[in-house]
1. Based on what the data block shows, is Phe677 part of a loop (DSSP other than H, G, I, E, B) and open to solvent by less than 70 Å² (accessible area, probe 1.4 Å)?
2. Looking at (1) closer than 20 Å to Gly504 by Cβ; (2) within 15 Å of the chain's Cα centre (by Cα), which one does Val394 not meet, given that it meets all the others?
3. Which condition does Leu484 not pass, out of (1) aliphatic (A, V, I, L, M); (2) at pLDDT below 95; (3) not in a helix (DSSP H, G or I), if it passes all the others?
4. List the helices (runs of 4 or more DSSP H) inside segment 223-322, counting only whole elements, that have at least 1 residues being touching a Gly at 6+ places or on another chain (Cβ under 8 Å).
5. Looking at segment 502-514, which of its residues are part of a loop (DSSP other than H, G, I, E, B) and open to solvent by less than 40 Å² (accessible area, probe 1.4 Å)?
6. Filter segment 192-226 for residues that are at pLDDT 95 or above and among the β-branched types (Val, Ile, Thr); which is surrounded by the fewest Cβ atoms within 10 Å (Cβ to Cβ)?
7. In a helix (DSSP H, G or I), free of Cβ contacts under 8 Å to residues at least 40 places away in the same chain and open to solvent by 40 Å² or more (accessible area, probe 1.4 Å) - does that describe any residue in segment 488-495?
8. Quick check on my filter: what residues within segment 292-345 are farther than 18 Å from Ala543 by Cα and open to solvent by less than 10 Å² (accessible area, probe 1.4 Å)?
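The values are calculated or read from the model by the stated rules, or taken from the named source; none is laboratory data. This structure is a prediction, so every number in the text was calculated from the model and none was measured. All Cβ positions, even for glycine, are placed from backbone atoms using ideal geometry, and neighbour counts span all protein chains on display. Side chains are part of the model used for accessible areas, which takes the heavy atoms of the whole protein and leaves out ligands, DNA and RNA. Shrake-Rupley method; radii C 1.70, N 1.55, O 1.52, S 1.80 Å.
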Amino acid sequence: MVRLAFLVVLAAVSGALVAALALPAVGGAGIATRNAIGTLTFSELPAELRTPPLSQRSVIKAADGTTMATFYYENRQSVDLSQVSPIMRQAIVAIEDARFYEHHGIDPKGIARALVKDSSSGQAAQGASTITQQYVRQALVETSAQNNDTAAASAARAKNLSRKLREARYALALEQKLTKDQILQDYLNTVYFGSGAYGISAAAQHYFSEPVTALTLAQSALLAGVINNPSTFDPILNPVNATQRRNIVLDRMLATYPASYTATEIEVAKQSPLSLTVSDIPNGCSTATAPFFCDYVVHDILNGKEFGATVGDRANLLRRGGLVVTTTLDPATQKAAQNAVDTVVPPDPSKNAGLAAAIDMLDPKTGAIKAMAIDRAYGSGLGQTELNLAADSVNHGGSLGRNAGSTFKVFVLAAALEKKLPTGLTINAPPKIDIKAGSTTTCDGLPTNDWQPQNAEAAEGGVFNMVGATAASVNTYFAQLEVLTGLCQPITIAQDLGVHKASGGDLDQVPSFVLGAEPVDPLSVSGAFAAFANQGTFCAPQAITGVTVLLGDVDTKLRNVPGPNCKKVLDPGIANGVTSLLQHVLLPGGTGAGLDIGRPAAAKTGTDDDYKNAWFSGYTPNLAASVWVGNPDSTTPMRGITVNGKVLPRVFGATLPGPIWQLAMKGALANLPTETFQAAPDLVLRGPPITMPNVVGQDPVDATPTLTALGLVVTPIAGATQVVSIQPQGKIDSTDPAAGTVVYAGQVVKLLISSGVPPAPPTPTDIPGSLPPGVSPSTSPSPSASASTTGTPSPTPTPSH
């Protein structure tokens, strides 16, 4: 009964379509057609097939042009018909529509032949649809899929008379609008070849790992045979069926194109093995060469209004639009970054004590993100994560942020130098201090609360200048320096350099800002440090450099992607002054000692309260990087742990983040030229020159405030050097540097104090006219002789000062 019903429908459709060919010349045909399908006449159907562009897979490429990731709903990459070999075209035509170049969209002979063969065979062996009709059906299915219209999709696939008639109407109209080759090209790019491959290009890549231009006779016949039933003739799952179908196609090719092939060629092809070389085209970031950077790029597209009005529109564009997204990622730098995080904090849970590490590396001059790496596999499995720990959460699917610790001291340094505080500024920095409420105010003028900062080690304290305090990262020095600069200016500088809460919004205006009590992400921190490397000009981190749409082998501009977004935030002299201070961090005695990279570099360590997060951020003139290490939950202290076989009592910025930074920077810079920093102006580092005042004869207690008011550091009076002097006892005999010398704020002044002992009286020989003991006047030199020897009498000696 089913076979009989099918034949009845096919006969009715055949009659309707044949009659339709004569419209409108044969009026009776319209009546017959109406009777065949009910109420809708053939002429009342829409004449123009309206379809959106075919879904194309998109690719994300690294800066060197290599493909990093692909995205698609349908794995398709459209090609021009000229790229499809003649053999492949002939295989398709031979098996699907041998009279394709003769009919006008529907083929009455084909319909009649199909009806006869189906009747004699007793089964639906011949579909009777031309290539044009098949394309129409596939185009309607594609349109409904893009519009999420399931009803339309079902109607496009329905086995009924209305569908056949609609296809015929569209096919006739399409043949009047497009050439045969244009229709064949659209068909080859649209048709499904099974196993997730849409279009001939994707099929060639998937089954044979070959471009469509390189398909052989046997390969072309195999692919042409799959179309009829992609499941039954799937060469991967059903190789026997696929081989039989391929050989049918080869026979059809010989019959259809006898001048193009010999029987021997066809037989050789029929005897050849399938020889599949299956390549699965990855989909999404999980298999990307830099998955977290890939994820960052995807979020940029989903957030970018230039890619569509809504997030849904942008997602469709990415997975259907055939985009070629060119990015800033440098594969060599990425490799160095990934190697660094994986080496120091291994991804293996048995070796990393539950810690994770993330690094971002930027070009200071453009903001281009050169690398973004995390020591975790991208995914949802054990030991994997889809949380981008290297980026923010508000825009890029990252974490809610981690406290950055002492890395934030750089912003107070910049504010101090802007305020003309010299690097020689000395402050007594005890292990713990009490910063009273109201010692500073917010940008709105509101007084801040009381605060009791302390140094990292309880015994650490003393008198420091800015150079030493930066190298040793002395908390209590910087807490007091923040009072001198005010709270507003350092926070303003940080935000102007792109630093914000990872969850979005401005930084909190609290005194603990200087110690990094703000939840931020490594990318924003590395962007700020890059600005110091770029002499105060901040370039916002950038991942996408261009977007085009790939249609065949033609690239056309699709979107205007903004270029580098740079702005001057700090005077170059101020930025270079900060760089000068940060270079001391990597020198002996600095918190980053031993982490130098064999070329000029500046850096800052950072550790937050209770060792929950550790940071190391630094730069050269041509590369900046920031590293974070911690527990992803950001609550577990990093104390008494074993990482990669090494027992760590506490984790500081230099413990794990520092070696990651060093290893990544060395690897990334290996083939880049060594560049030097610009020197900071002497006026910025040392402040204005000071003429050393004359305090000789003054009481040292009274003179000390005069000297310290100038920013000079006076050695303790109790230990001052005692000298023989004509000055009263306890008064200042002299200073080192001496009065009148040019000095600078922060310079140490040594006081020399009079002992109160006058110089010894002169001996008789020192008195004019006197004789030494035992010398008689008769033996004394004559005045004339004396004059001839000495010229004039020697004056009384003056005491030395």
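1. Details: part of a loop (DSSP other than H, G, I, E, B): yes; open to solvent by less than 70 Å² (accessible area, probe 1.4 Å): yes.
In short, yes.
2. Among (1) closer than 20 Å to Gly504 by Cβ; (2) within 15 Å of the chain's Cα centre (by Cα), the lone unmet condition for Val394 is (2).
3. (3)
4. 239-256, 291-303, 311-320
5. So in segment 502-514, the residues part of a loop (DSSP other than H, G, I, E, B) come out as 502-510.
Matches in segment 502-514: Ala502, Gly504, Leu507.
6. Thr216
7. Looking only at segment 488-495, we keep the residues that are in a helix (DSSP H, G or I), and these are 488-495.
Next cut, free of Cβ contacts under 8 Å to residues at least 40 places away in the same chain only: 495.
Still in the list and also open to solvent by 40 Å² or more (accessible area, probe 1.4 Å): 495.
Yes, because at least one residue in segment 488-495 is in a helix (DSSP H, G or I), free of Cβ contacts under 8 Å to residues at least 40 places away in the same chain and open to solvent by 40 Å² or more (accessible area, probe 1.4 Å).
8. The answer is Gly322, Ala340, Val341, Val345.
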